[in-house]
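Report on the structure given below.
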Amino acid sequence: MRYFSTRDTNIEKKTVSAAEAIVQGLAPDGGLYIPESVPQVDYRQFKNLSYPELAAAILPYYLDDYDAAFLKQAAESAYAEAFGGKAGRTVRLSDGVYVLELWHGPTCAFKDYALQLMPRLLSEGKKIVKDPNKTRILVATSGDTGKAALEGYKDLDGIEIIVFYPHNGVSRLQRLQMATQRGGNVGVYAVIGNFDDTQTGVKKAFHDEELAKELAEEGICLSSANSINWGRLVPQIVYYFYAYYRVLESENLPDGTPVDFCVPTGNFGDIMAGYYAKKMGLPVGRLICASNRNNILTDMIGTGTYDTHREFFKTGSPSMDILISSNLERLLHYVAEEDGQVPEWMAELSKKGVYAIPEEALRKIREDFDAGWTDEETCARTIRETFEKYHYLIDTHTSVALAAVQTGRDGGSKGAPVVVLSTASPFKFPAAVLSALGETVPENDFEALSKLSEITGAPAPEQLTGLLELPERFTQVITAPEIMDIARGNGKKD
Ligand SMILES: *Cc1c(COP(=O)(O)O)cnc(C)c1O
């Protein structure tokens with residue numbers, strides 16, 4: 001399988017292998033790598049496979065320059081023990097409504113599916129393309145991605161990872177998750193200021209030519225763990241297949257019955273993986289794109305205009321607080337009438353903050369996608385009602401999606417079963433979940449965890465409760481300009 005950039009307008013496209021696409025991340029022209037064609041598979045052949053086996057069956061279609069034995073081993077070590085045997089766990093909530101629990105991994109959020117596998121793909125990819133450089137990964141995080149990336153990249157050969165987060169800008173739980181990180185190749189710094197200051201500091205390091213030259217002399221290249229990398233998207237295709245089989249089994253439905261998926265969406269990576277699963281031949285019905293108050297995607301899928309001139313809201317589902325949804329560019333490629341359109345739209349986005357796609361392109365998007373959004377009050381109410389009705393606890397991101405399903409279905413149920421992707425454990429956001437349940441919220445996150453556990457009778461994940469016992473390794477607070485020094489390799493190691 002070869003890959004080309006969404007911004008390549010040549011008839012004869014410049015292509016790269018999967019390993020090259022993963023090592024490069026972003027294409028040199030600023031576009032995103034997509035596969036030259038989408039492999040067609042008979043989905044029925046995989047229905048009895050375990051999760052790691054299914055991953056090992058699907059990944060080689062896209063990653064054909066990787067050794068199949070390597071992929072099998074990587075899938076096994078990424079998804080077996082690390083997910084406590086619960087990778088792809090699907091729970092029936094009510095008639096025809098299922099929840100795909102994607103948070104049984106090491107950091108209790110769905111990003112583990114990508115970030116447990118992608119670092120191995122990068123490390124192996126460097127061997128395949130014979131890249132002798134050391135990779136230094138810089139991450140600016142507002143909370144979740146940093147920890148998932150640290151867990152995925154720790155102790156990998158030839159790779160170093162440094163994470164920056166806003167000082168006093170993440171929850172106590174999130175800070176401890178990062179400050180107690182183990183591994184010999186990791187670094188974590190709190191940066192004075194807000195998330196934008198942190199992100200701007202990291203971007204400066206990426207764009208500094210002087211720094212790049214200096215590092216190249218030492219055989220080091222900088223890289224990011226951003227979700228636009230094909231290596232982060234491709235592992236997510238697997239759980240759509242896995243959940244599809246579980247729903248058919250549970251509902252006793254024949255092969256080929258369409259199943260809808262509703263996805264709490266931010267950067268459009270997760271739902272885009274569902275689009276690829278559908279294009280590969282999996283009988284996915286509708287892909288429902290759920291947003292919080294930052295409902296730019298609801299508007300886009302409703303009207304065809306993507307307009308960033310709007311207020312940015314901080315919500316109780318922070319991982320979806322996004323106004324520039326990078327992976328949407330991949331979908332645009334599939335609905336554009338000609339190659340020149342995508343780069344044009346992206347240029348308009350960066351110049352004017354707005355672009356509009358023609359009616360025909362919008363019609364194509366709506367063949368596969370629906371969209372809905374959930375306000376803060378409905379999100380909280382849905383957490384409470386779901387717990388009262390089903391004794392089932394969901395986090396704020398999952399609630400945004402479940403609410404979108406419930407309101408959409410009242411309007412016009414099409415009768416297909418629907419899977420709601422549950423992207424984070426409710427224990428990862430104990431304060432928001434307690435408050436939704438109508439409880440008072442202890443100031444301390446650990447007390448909030450115990451309280452949530454007491455009320456619901458469900459144990460809090462050990463990955464979170466165990467944090468209090470771990471030594472804090474990383475306590476350094478720096479200023480944003482110091483990020484450059486640390487990127488240079490002058491950071492203090494503990
Ligand atoms: C990252 C994240 C999302 C959004 O996923 P995208 O792939 O960016 O659309 C949703 N929920 C949680 C908990 C996340 O961490």
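The values are calculated or read from the model by the stated rules, or taken from the named source; none is laboratory data. What you see is a predicted model, and the numbers here were worked out from it, not measured in a lab. Cβ sites come from the backbone with ideal geometry, for glycine too, and all protein chains shown count toward neighbours. Ligands, DNA and RNA are stripped out before the accessible areas are found, and what is left, the full protein with its side chains, is counted by its heavy atoms. Shrake-Rupley method; radii C 1.70, N 1.55, O 1.52, S 1.80 Å.
From the set of residues in the stretch 365-390 that are under 20 Å from the mean Cα position of the chain (by Cα) and within 15 Å of the ligand (Cβ to nearest atom), which is most open to solvent (accessible area, probe 1.4 Å)?
Initially, the stretch 365-390 is screened for residues under 20 Å from the mean Cα position of the chain (by Cα), giving 369-374.
Narrowing further to those that are within 15 Å of the ligand (Cβ to nearest atom): 369, 371-374.
Numbers: Phe369: 2, Ala371: 40, Gly372: 16, Trp373: 117, Thr374: 5 Å².
Looking at the filtered set, the residue picked out is Trp373.
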Legend entry - Residue in the stretch 96-115 that is away from the ligand (no atom under 16 Å from the Cβ) and more than 29 Å from Gln406 (Cβ to Cβ) present: no
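With respect to Gly125, is the statement that it is under 15 Å from the mean Cα position of the chain (by Cα) and not in a loop (DSSP other than H, G, I, E, B) true?
Working: under 15 Å from the mean Cα position of the chain (by Cα): no; not in a loop (DSSP other than H, G, I, E, B): yes.
In short, no.
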Inset, instruction - Identify, from the list Leu362, Leu328, Leu393, the residue that is more than 30 Å from Glu36 (Cβ to Cβ) and either open to solvent by 50 Å² or more (accessible area, probe 1.4 Å) or touching a residue at least 12 places away in the same chain (Cβ under 8 Å) (or both). - result: Leu393
Inset, instruction - Give the residue, chosen from Ile322, Ile288, that is surrounded by fewer than 21 Cβ atoms within 10 Å (Cβ to Cβ), aliphatic (A, V, I, L, M) and under 24 Å from Cys379 (Cβ atoms). - result: Ile322
Inset, instruction - Would you check if there is a residue in the stretch 262-269 being modelled with pLDDT under 95 and either among the hydroxyl-bearing types (Ser, Thr, Tyr) or outside any helix (DSSP H, G or I) (or both)? - result: yes
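Of everything in the stretch 181-214, what is among the aliphatic types (A, V, I, L, M) and surrounded by fewer than 20 Cβ atoms within 10 Å (Cβ to Cβ)? Give them in sequence order.
Initially, the stretch 181-214 is screened for residues among the aliphatic types (A, V, I, L, M), giving 186, 188, 190-192, 202, 205, 211-212.
Passing the criteria: Ile192, Leu211, Ala212.
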Inset, instruction - Restricting attention to the stretch 186-235, report how many residues are within 18 Å of the chain's Cα centre (by Cα) and assigned to a strand (DSSP E or B). - result: 1
Inset, instruction - Can you give me the number of residues within the stretch 418-444 that are away from the ligand (no atom under 13 Å from the Cβ) and touching a Ser or Thr at 6+ places or on another chain (Cβ under 6 Å)? - result: 1
Inset, instruction - Please go through the stretch 293-321 and pick out each residue that is β-branched (Val, Ile, Thr) and either part of a helix (DSSP H, G or I) or within 15 Å of the ligand (Cβ to nearest atom) (or both). - result: Ile296, Thr298, Ile301, Thr303, Thr315
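Can you confirm whether Ala404 is within 16 Å of Asn292 (Cβ to Cβ) and either open to solvent by less than 50 Å² (accessible area, probe 1.4 Å) or more than 16 Å from the ligand (Cβ to nearest atom) (or both)? Walk me through it before giving the result.
Values: within 16 Å of Asn292 (Cβ to Cβ): yes; either open to solvent by less than 50 Å² (accessible area, probe 1.4 Å) or more than 16 Å from the ligand (Cβ to nearest atom) (or both): yes.
For Ala404, the condition - within 16 Å of Asn292 (Cβ to Cβ) and either open to solvent by less than 50 Å² (accessible area, probe 1.4 Å) or more than 16 Å from the ligand (Cβ to nearest atom) (or both) - is met.
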Inset, instruction - Could you check, for the stretch 133-145, whether at least one of its residues is open to solvent by less than 10 Å² (accessible area, probe 1.4 Å), farther than 28 Å from Asn168 by Cα and either in contact with a Leu (Cβ under 6 Å, 6 or more places away or on another chain) or without any contact (Cβ under 8 Å) to a residue 60 or more places away in the chain (or both)? - result: no
